[in-house]
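A.B. asks: Handing you this structure, nothing more for now.
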Amino acid sequence: MSSSPQGPPGDPAVPHMIVCGDDALAHRLAAELHEVYRTQVTVIVPVAAQVRETTRIRTTGPAHASAFLGRVAAAVGRAPLPRQGASDGAPDTGVRVMEAPDLADDVLTEAGAARATALALVHDDDETNIHAALRARRLNPRLRLVIRLYNRKLGQRLEDLLDQAAVVADPGMDPAELDAATTVLSDADTVAPALAATAVAGTRKVVQADGLLLHAAERTPPGRDEVADPGLCTLALLSSTTSDPGGSEGSDSSGDDGPRLLPGDAEVAAATGRGTVVLEAVSAAGPPLPPRGLGSRRVPLASLFSRRLRWSVAGMVTAVLALALASWRFTGADPLHAAYLTVLDVLAIDDPALGEPTGRKVLQLLSGLTGLLLLPVLVAAALEALGTFRTASALRRPPRGLSGHVVLLGLGKVGTRVLARLRDLDIPVVCVEEDPEARGIPLARRLGVPTVTGDVAQEGVLEAAKVQRARALLALTSSDITNLEATLYARSVKPDLRVALRLYDDHFATAVYRTLRAAHPHALTRSRSVSTLAAPAFAGAMMGRQVLGAIPVERKVLLFAALRVAGHPQLEDRTVAEAFRPGAWRVIALDAAEPADRRRDLAAALPYDGADREPGLVWDPHPGYVLKPHDRVVLATTRQGLGELLGANPVARGIPETG
């Protein structure tokens, strides 16, 4: 088959993105870029193994392209996307699919990497992504790279290396452009806050910024003499038909009764009887708990010896003290000398009390008898301490009276990251893992998290995790059936248990969600897809790291974007209050630190290495603060408002005006 023309087709004013991969994350990311940001997308998928020897580069045939585009369309639940070379002759401004055996230079050139805006490498193999990133940086120093890696330390070093390569190839690159030139993300790291928030707050409307986990909470209209909690700020007014069974929730034709994004304080005060959406913090995501001693496994002194042994030792000490007092009383020696003689007698290292008074002889015999009783106590103490130290490295069992915890099933890539996030939030966790060599077992052991090893399908495993007294269940294994089976059994034990399960198949997830919601209407049920949760973060990084996240408000969407004040006349030299434009954008956080002292990527998870945290954001800044050019702000904004701030129309910047 003939290859496509050099470079991407379509309008050159529209950003062109390249996605490399063929898994669920690649499908979701292509759909996100095309459907949400209105960009041209070229997807490079691996060629089938049986044709690798004969095929170098080709645009995919109708059957393969239709299948891939169908998966992309299914990712957003819309009609199939247009395919390049369609019979109707219409130009393709959507998704173009290429097939290649590897990501060599000629493949990237064929995809248009030399003129593309961004390239996402989302293969599940870290080595493949690293090799392709090095080639792409050599081809186009200004190309924005978004790389999927699980290894965080390697990812940080790779970011520095690729940024240095970009500077060497193009010394005149703008610092702001260089800051977003390379972004290394892990889908497991990206979804961990949302999954943790599901267990804590029961919602997916979360945004992570500067290590803070935020979520949009709906507030019902306050009653008479009540004051509604404003949270960090008010994001939206809900439509007046939200509580009306006969109304149309969030209808665009509702006019003034529809939802209003970013209303002013006066508008909120005047809209009596309408619910609001406010931004509030779930919890701060700081560094992990400090490492424990003894190889990160400190053993409390009280746990070294059993209660019976401690009482025995206390009795022996009391007996020795009583004998020392009696020796001082009957022998007339000074207290220190009397205690010394008593200890010698107890340890059987004193000379026989021949020629001594009868009282001294009796005390020596009693002390010797006490020493004989002390010997087995000392042996038992040594054996118990040795056994405790030997089992200190083993996984903890759930405490007998544990309740109100989260049961986490699966300690793979995603489960490990979620476990670390839950511990950062100081939430008690009990893990269940079938494989004793799973990736997250060492972390659970280091953090002292109770862990049950066994198959959740076996009877008694979930009971051992105290699921009947848990607050939530996170089923995050790699098997849909296992997650569903555990969820159904947990619900039979505790019908009102909050449940979030990881499911790969979207149709299956929808059916499971609806069925569980119908069967247990008073219990919270959430089905989560890792690719669905991770795709917005990858897409935001491809757009330049400006978009930290998005929160849906009925049928509209609010974006959270980080921008430098310099170059934006709507913000520069204005107070926070003056910079607020109702319905368009609002400053919700401020970073006044010097650019060199800031975190590069506010949306990235904080490191778990215990390093000192860099200067962070100030949330809900003072309205009178004057924004300076070097300041960085976080805005809650609409897509149209962000497009205006960026100095171009929303479609040209890849940001549509409507939700």
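A.B. asks: Regarding residue 462, is this residue of a type in the set (A, V, I, L, M, F, W, C) and under 28 Å from residue 28 (Cα atoms)?
C.D. replies: The answer is no for residue 462.
A.B. asks: Among the residues of region 616-633 satisfying the criterion of being farther than 12 Å from residue 579 by Cα and assigned to a strand (DSSP E or B), which is modelled with the highest pLDDT?
C.D. replies: Checked region 616-633; the qualifying residue modelled with the highest pLDDT is 632.
A.B. asks: Enumerate the helices (runs of 4 or more DSSP H) found wholly within region 347-466, keeping only those where 3 or more residues are small (Gly, Ala, Ser), open to solvent by less than 70 Å² (accessible area, probe 1.4 Å) and in contact (Cβ under 8 Å) with a residue 12 or more places away in the chain.
C.D. replies: Answer list for region 347-466: 358-391.
A.B. asks: Please determine whether any residue of region 102-110 is open to solvent by less than 10 Å² (accessible area, probe 1.4 Å) and either without any contact (Cβ under 8 Å) to a residue 40 or more places away in the chain or farther than 20 Å from residue 537 by Cβ (or both).
C.D. replies: There is at least one residue in region 102-110 that is open to solvent by less than 10 Å² (accessible area, probe 1.4 Å) and either without any contact (Cβ under 8 Å) to a residue 40 or more places away in the chain or farther than 20 Å from residue 537 by Cβ (or both).
A.B. asks: While we're on this one: Test residue 477 against the stated conditions and say whether it is in contact with a Leu (Cβ under 6 Å, 6 or more places away or on another chain) and either among the hydroxyl-bearing types (Ser, Thr, Tyr) or surrounded by fewer than 20 Cβ atoms within 10 Å (Cβ to Cβ) (or both).
C.D. replies: Taking the combined requirement at face value, the residue satisfies it.
A.B. asks: Continuing with the same structure: Among (1) among the aliphatic types (A, V, I, L, M); (2) open to solvent by less than 10 Å² (accessible area, probe 1.4 Å); (3) out of contact with any strand residue (DSSP E or B) (no Cβ under 8 Å at 6 or more places or on another chain), which single condition is residue 168 missing?
C.D. replies: Residue 168 satisfies all of (1) among the aliphatic types (A, V, I, L, M); (2) open to solvent by less than 10 Å² (accessible area, probe 1.4 Å); (3) out of contact with any strand residue (DSSP E or B) (no Cβ under 8 Å at 6 or more places or on another chain) except (2).
A.B. asks: In region 274-289, which residues are at pLDDT below 75 and assigned to a loop (DSSP other than H, G, I, E, B)?
C.D. replies: Within region 274-289, 285, 286, 287, 288, 289 qualify.
A.B. asks: Please count how many residues of region 556-599 are over 19 Å from residue 617 (Cα atoms), at pLDDT below 85 and in a strand (DSSP E or B).
C.D. replies: 3
A.B. asks: A further question on this structure: Does residue 527 count as more than 27 Å from the chain's Cα centre (by Cα) and either open to solvent by less than 60 Å² (accessible area, probe 1.4 Å) or at pLDDT 80 or above (or both)?
C.D. replies: no
A.B. asks: Then there's this: Assigned to a helix (DSSP H, G or I) and exposed (fewer than 15 other Cβ atoms within 10 Å of the Cβ): is that true of residue 323 in this structure?
C.D. replies: no
A.B. asks: Then there is this: Give the residues of region 346-369 that are within 15 Å of residue 320 (Cβ to Cβ) and β-branched (Val, Ile, Thr), sorted by residue number.
C.D. replies: Hits for region 346-369 are 346, 349.
A.B. asks: Here is a further query. Looking only at region 549-570, how many residues end up being among the small types (Gly, Ala, Ser), closer than 16 Å to residue 32 by Cβ and either open to solvent by 40 Å² or more (accessible area, probe 1.4 Å) or touching a Lys or Arg at 6+ places or on another chain (Cβ under 7 Å) (or both)?
C.D. replies: Number satisfying all stated conditions: 1.
A.B. asks: (1) open to solvent by 20 Å² or more (accessible area, probe 1.4 Å); (2) of a type outside the set (Phe, Trp, Tyr); (3) not in a helix (DSSP H, G or I): which one isn't true of residue 127, the others all being true?
C.D. replies: All conditions are met except number (3).
A.B. asks: Of these, 469, 417, which one is of a type outside the set (Gly, Ala, Ser) and in contact with a helix residue (DSSP H, G or I) (Cβ under 6 Å, 6 or more places away or on another chain)?
C.D. replies: 417
A.B. asks: I'm checking my understanding of the structure. Among residues of region 495-518 that are in contact (Cβ under 8 Å) with a residue 24 or more places away in the chain, over 26 Å from residue 277 (Cα atoms) and open to solvent by 20 Å² or more (accessible area, probe 1.4 Å), which one is farthest from the chain's Cα centre (by Cα)?
C.D. replies: 495
A.B. asks: Oh, and also: In region 328-340, how many residues are open to solvent by 30 Å² or more (accessible area, probe 1.4 Å) and within 13 Å of residue 364 (Cα to Cα)?
C.D. replies: 5
A.B. asks: Also: Among 177, 159, which is in a helix (DSSP H, G or I) and modelled with pLDDT of 85 or more?
C.D. replies: Exactly one of 177, 159 is in a helix (DSSP H, G or I) and modelled with pLDDT of 85 or more, namely 159.
The values are calculated or read from the model by the stated rules, or taken from the named source; none is laboratory data. Note that the structure is a prediction, hence the values are computed from the model and not measured. Cβ sites come from the backbone with ideal geometry, for glycine too, and all protein chains shown count toward neighbours. Calculation scope for accessible area: heavy atoms of the full protein, side chains included, ligands and nucleic acids excluded. Shrake-Rupley method; radii C 1.70, N 1.55, O 1.52, S 1.80 Å.
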